[in-house]
Amino acid sequence: MNYYVTGNNVDLNLGGFELMFNSLRLNMNNPQHVKINEILCSIDKDVCKSKNQFIIDAIEFYIDNFGKQILVKEDSDIRYVTSDDLDDIKQELMEAAMTEARREVIRVLGTAVSGRGMGELVTRTEIAPTAPEKEEPVDDEVVSGLATSWMPEM
């Protein structure tokens, strides 16, 4: 019994074998096609099992030597994010946030230590007209106690 399947890329299941059919058309007016047809018609069965296997081997050799990327168009727009990718992104964001927080703390501390932060709020015109008043320092016991507790003991 012979089976004939028409159409391109037709799936057929014959006795447990899943077969995919693709057609190969050769134009006898094209010298390249004539050359291929001569080879296919005169294949040595000792060297190659069948025409089908010869074509499969030739295509596989071409793919192995020239790469699948050249032949197959892949959708580069679609990319799936894995849980590992999410963990990497999370780690990068945490590191960036920590770096930015450190920079901000250093900037604020530098401003406070240099005294520019509070002094910039008061304009020079407000400072100039006032005469310096001599006030005696007031000793606040609570503030003194806290200040001495923060200082390292010697």
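Tallying residues that are assigned to a loop (DSSP other than H, G, I, E, B), at pLDDT below 70 and surrounded by 10 or more Cβ atoms within 10 Å (Cβ to Cβ) within segment 1-24 yields 1. The helices (runs of 4 or more DSSP H) found entirely in segment 77-127 that carry 2 or more residues being modelled with pLDDT of 80 or more are 83-114.
Number of residues in segment 25-64 that are touching a residue at least 24 places away in the same chain (Cβ under 8 Å) and loosely packed, with under 11 Cβ neighbours inside 10 Å equals 0.
The values are calculated or read from the model by the stated rules, or taken from the named source; none is laboratory data. These figures come from a predicted structure and were not determined experimentally. Cβ atoms come from the backbone with ideal geometry, glycine included; neighbour counts cover every protein chain shown.
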